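A short write-up of the structure that comes next.
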Amino acid sequence: MTYKNLLIACEEAEQIALKYYGIAGKASLLAGEIDFNFKITADTESYILKVSRSAAIAAEGDLQQDILQYLATQNTNFIFPEIVYTLAGESSFNWKSANGTIRTVKMLKWISGRLFADVKPVTEHLRYTLGQKGGQITQALLGFDSHLAQKTFDWDIAKGLWVENYFSLFSKEEKELVAYFLEKFKEIAPIYNSLRKSVIHNDANDNNIVVDENLVSPEVKAIIDYGDAVYSQTINDLSVSLAYAMMHCEQPLQAAVPTVSGYHAAFPLLDIELKVLYITIAMRLLISVTKSAINKQKEPENTYLQISEKPAWALLKKWKELSPDFAYYTFRHACGLEPCEQNATFKSYAASRSWEISDLIPEAKYLTLADLDLSIGSQFVGHYSEYISSEKIYDKISEKFEKNEELLVGGYGEARPVYTTDAYKIRQNEGFEHRTRHLGVDFWTHAQTPICAIEDGEIFASHNNDQHKDYGPTLILKHQVGDLEYYTLYGHLTVKSLENKTIGQEVKKGQKIGEIGAFHENGAWAPHLHFQVVLDMLNLQNDFYGVSLPSHWPVFSSICPDPNLFFKLAILEPKNNSENEHLLKFRKEHLGKSLSLSYQNPLKIVRGQQQYLIDDFGQKYLDTVNNVAHVGHEHPRVVAAGQRQMAVLNTNTRYLHSEILDFAEALLKTLPEELSVLHFVNSGSEANELAMRMAKAFTGQKDMIALEHGYHGNTQACIDVSSYKFDGKGGSGCPEHTHIIPLPDAFRGIYRGEGAGAKYAKHVEESIEELKSKGRNVAGFIAESIVSCGGQIDLPNGFLGEAYAFVKQAGGVCISDEVQVGFGRVGAKFWGFELHGVVPDIVTMGKPIGNGHPLAAVACTKEVAEAFANGMEFFNTFGGNPVSCAIGREVLAVIKDEKLQENAAEVGEFLKAELNALKVKFPILKDIRGEGLFLGVELCDDQLNPLAAQTNYLANRMKDFKILMSVDGPDHNVLKIKPPMCFSKENAEYMLECLKRVLSEDFMS
C-alpha cells in the first residue's frame, strides 16, 4: 500500500472532531512521522488531532497520554499539551479508517505560537530558553515511571548501533562519517552505560518546539509531542535538542553553548555526562540520516520523513572536524565550570614552586626586562601599513631590544593587530571573527640566544612549521609531575634546534634544547621565543594553536594557562584588554550628557584601517557610515603627509608658506572657475557660519532660507538655519530671520513625482516675496545637494536651478553645503551641486577634506569675497595651517591616484541596482536613492507609513554581522550608506548578503 493510500483526508479529521469531540472546525494537515496530525481551528480555540498511522503504532500510543496526565498532576513551571477528552470522557479511542485500518485517535489543546523551525533569527537567548525548557521537562519527568517507556525504540540513542545494519544505503563519504562516530560511540560504552537514566522527551526537534510571538527577543514557550518518549540515558534529551538546534549553523559548537547553559540551569548536568555529549549528539544525527535513507525507500513521496537529511549530513561533517575534547571543555564552560579540569591542578603545582626567566633563557640574568605592547591600540605598533604585508613592525622590535640590550617580554592574552588579516578570519554564525588573542608569552632578543627546558620532560614533537607564521621551527615537551600532565611549547627556533631530536627523548630541566631563530628561518622575522603552556594537545601532534578567537578565549585560556604562573613577575601580568565599564562610568560623570554613543552595547574602537574600524579585541567592523574618513581610515599617504609636515612646521597663515597655496591651487582645479577665492577653517560648522557671514555682508540682509530637516552645523548660527536641530528635541523653534521651506522630497513629501521640483522651488519664491512685504530681503539660501539628515533626499529635477534663480534674482547668495557629499562621493561628479547643473556663489566643505583631520574650507566668487573684506580682519588660528593643508592636498591626490571617484560611481551603481532588486522580495524597501556612495534606503509599509522600528532593528542587527550602519530622516526610517570611498564591490556584496538575511527575519516582515 502506498503512502498516498495511507493518508487521512482533512474532511475525515473534521468529521472525527465533530462526531467524537463535539468540535466544529476546519482541519489542516501538519507534519508527523508516527501520527497523522491535524490542526483543528474552531471559533474560539484550536486543537491538534492525532491519528495513528497503523494499529501496531496505536497499541504503543498510550505512553504520551500517560505522561501528559502525569504532568497535569505536577506543579510544573512550563507549558505542555493538555488532553482533550471525548464526549464519552475518553482520553483516546480506536477508529476504523476507510481502508479498514484500526487507528488510535487523540486530541490535545493547541499551544499558540511559532515553530522553532520558522523563527528568524535564532538568537542566543532563544537557544538558552530552549535548553532551559528542556531541562525543566527532564526535571519534571524524573518522577514518572511506566513500563511503556521501557521499549526498544529506533530513535533511542542508547540503541543506536542498529544503524550499522544499513551501511549499504550510504555513499563512500557517508560511510566514513558513520563508521567514525559509531567507533567513538563504542569507545565510550563503559562510561555511557553507567550514566543516570530517566524517561525523557526524546524529540525536541525544531518542529516540536513552540516559540512565543516576541519578534525581537523570542523565547521557547513549550516543547510538544511526547510521542517519542523513552526510558534512556538522561543526557540523551539534551543531545536530541542540540542535534536539531545546531543544524544550518556555520559554527555548530558556538550555537550549542547557550542551549547547554540553559539546560544546566534547569537541570544540573554531571561532568561525566558532558564527556559523552559530543558523541551522543552525533549518534542522534546518525539515527536521523539512517531513518531518512530507509524512509526514502519506503515512502519516497513523504518529504517530511527526509526533512532533516541534508542538514544532518552537513552537521555531521562539521562535527567531525571538531576536537571532541574541545567540545567537552566548551560544554563545561557553558555550565559555569572550569573548562579544563587540569587547570586548577596546574595552578596549584605552579604556585608551590618557583622558576626564573633565566631557567628558560639563561642570558636573561644579564638583561633588563622591558614590556612590549603589541596590542590592537598600541602606538608602538603604529600604522597598519607597518604590519599588514610588512616587516616594519619586526624591524622596530629588533631595533628596540638591540638599542637598549633589553629582553622585551609580554603578550599573554594580548589581542594583536598582526592577526587581523584574512589568514586569521573565521566565518561565524553571524559575521566573521579574527583569531587575535595570543596564547603564549613572547621573549624578544637576539638570534641564536640559547633556550633551555623549563622542567624535566620528554620530547613530544619536533617540527618545522615553515609555512606557519605562528611558530616556525617548534619543539613541544611533555611533562609528568605526579598525576599532572602538561606540555610546554617553544616556537620560532632555529632549524638546527630540531636536529637529533627524537620523540620520547628525555630532557632535563635547564638542558639546552635550542636557539632562537633569525628572521629568515624562525617564521616571524624578528628573533624571539614564543613560550606556551598546554594542558591538553587536543589530539594535535606537531603543532598547537598560538592565537585564539576572542569568543574561545575562556576555553583556550583554561587549556593554555598563563606561563607567568611559572615566573610570577608583575611585568608579565596580562593587561586588561577591555575597560568599558570604567570608561562608560567616567564618561557619564565627566563628559557632557548631550554626547551620545552608538548602540546599546557601545563599541570600544581603538584602530582604523581603510573601510574598517577595529575594536580592542581586534574585531573588524565594516564601516558604511563614516564619510569623514573619506579616502579610508588612517590612509597611509594621508598619515605620512601630516607626519612629514608636522615634523617641520605648524603655524598660522600670517607667514608666507607654499603649502597653503599648493593646496588652494589643487582645490580650485576641482571647482567651477567662478568659485576662485578660498578661506580655510577647521570644521564644516565653521565653514557654514562663515558662508552665512559672507552672504549677510554681501547683501546687507539678515534673513536666510533653508530646507526643512536640514542640518548645517553645531554653532549657534548654524543651528539657527538647521530645522533638524531647532525643530527637534531640545530645540526652541524657528528663529525670526530663518525661513524654512518644505523638504523637497518627491517620494513621500507634499509634492511627488514629475514636476515636484518646480513646486518645491516655488516656496523659495514665496518666502522672498513675504520678506519683501515686510521691507526686508533675502541674504542667502543654504542647502545640501543631497539632504543628509533629512533622509538622504535626492533633490527633485529642476528644484535647485529654479530655487537659485529666485534667490539670485532677489540679490541673495546661494550656498551649497558640500560637507557631506563633496569630493567625488556622488561618483558622476566631483561636487554634488554639479548634478543639478548649477553654480553656487559659495561652496562649503569639511569633514572629508581632511580625512578626519580638522580641516574645512569656504570657496566663493570674487564678488562675495570682496564684499566680505570690509575692513574687519578674518583670522582663524588654525585654519589653513601647513599641516592641515598638507593633509588636504594629499587627500585630493589620493582621490585622483586611486580613482576613488570612479570607484564611488561603480560601486554605488552596483549597490543601487542590487538594492532596487531587493525591493521585489522585500517590499518594505520602498525607495532607494542617492548617488555614488551616498545612498539612502527608506523603509515604509504599503501605505508609505514610515517603519522606524524596523529600520532601527535593521541597523542594530547589522552590527551583529560586524557591519556598522546608521539611521536618519525625520521619521527615523532611512538607512544611510556613506562609507569611506575605498568601499569595494566585495564589501558591497557582503553587506547585501547580510541585509538579505536580516530582511528575512521575523521582525522585518
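Working from Cα pairs under 8 Å separated by at least six residues, relative contact order for the chain is 8 percent. Other residues within the sphere of radius under 13 Å centred on the Cβ of residue 539, judged by their own Cβ, net out at -2 (K and R +1, D and E -1). Could you work out how far helix 948-960 tilts from the main Cα principal axis of the chain, as a 0 to 90 degree angle to the nearest 10? Helix 948-960 sits roughly 70 degrees off the main axis of the chain. Ellipticity at 222 nm from helices only: DSSP H runs of n ≥ 4 in the chain, each -39500 (n - 2.57), divided by the residue count, give -10500 deg cm²/dmol. Cβ-to-Cβ counts within 10 Å put 872, 247, 646, 845 in ascending order as 872, 646, 247, 845, the fewest first. Between residue 773 and residue 98, the modelled label-to-label distance comes to 8.0 nm, taking each label 7 Å out from Cα in the direction of the beta carbon. For the pair the stretch 871-914 and the stretch 705-728, the centres of their Cα atoms are 24 angstrom apart. From least to most packed, judged by other beta carbons within 10 angstrom and beginning with the fewest, 835, 795 follow the order 835, 795. Charged side chains reduced to their Cβ positions (Lys and Arg at +1, Asp and Glu at -1) give the chain a dipole of some 800 debye around its Cα centre. Charges on Cβ only, +1 for Lys and Arg, -1 for Asp and Glu, centred on the Cα centroid of the chain; of 72, 366, 631, which one is farthest towards the dipole's positive end? After comparing all options, I get 72.
Under a Cβ-Cβ cut-off of 9 Å, what is the net charge of the residues other than residue 212 that fall near it, where Lys and Arg count +1 and Asp and Glu count -1? It works out to a net charge of 0. What does the net charge come to around residue 155 if you take all other residues with beta carbon closer than 11 Å to its beta carbon, with K and R at +1 and D and E at -1? Residues close to residue 155 contribute a combined charge of -1. The label point for residue 948 and the one for residue 88, both projected 7 Å from the Cα toward the Cβ, are 6.1 nm apart. Among 210, 105, sorting on how many other beta-carbon atoms sit within 10 Å of each Cβ, with the fewest leading, yields 210, 105. Computed extension gain for residue 913 through residue 878, at 0.36 nm per residue and net of the alpha carbon distance, reaches 8.3 nm.
Rounded to whole Å, give me the distance from the Cα center of the stretch 150-167 to that of the stretch 635-650. The two parts, judged by their Cα centres, are 72 Å apart. Summing Cβ point charges (Lys, Arg +1; Asp, Glu -1) relative to the Cα centre of the stretch 3-152 gives a dipole of roughly 300 debye. Do any of 184/478; 26/120; 320/425; 197/298; 120/318; 396/962 go past 24 Å between their Cα atoms, and which? Checking Cα-Cα distances, 184/478; 26/120; 197/298; 396/962 exceed 24 Å. Relative to the longest principal axis of the Cα atoms of the chain, helix 271-298 runs at roughly 80 degrees. Farthest toward the positive end of the dipole of the chain, out of 713, 333, 514, is the Cα of 333, where the dipole comes from beta carbon charges about the Cα centre.
Separation of the stretch 665-690 from the stretch 550-566 is 55 Å, based on Cα centroids.
Taken together, the values in this text are just the output of simple stated rules run on the coordinates, not laboratory data. Bear in mind the structure is a predicted one, so any value in this text is a computation, not a measurement. Note that each Cβ is placed from the backbone with ideal geometry, even for glycine, and that neighbours are counted across all protein chains shown.
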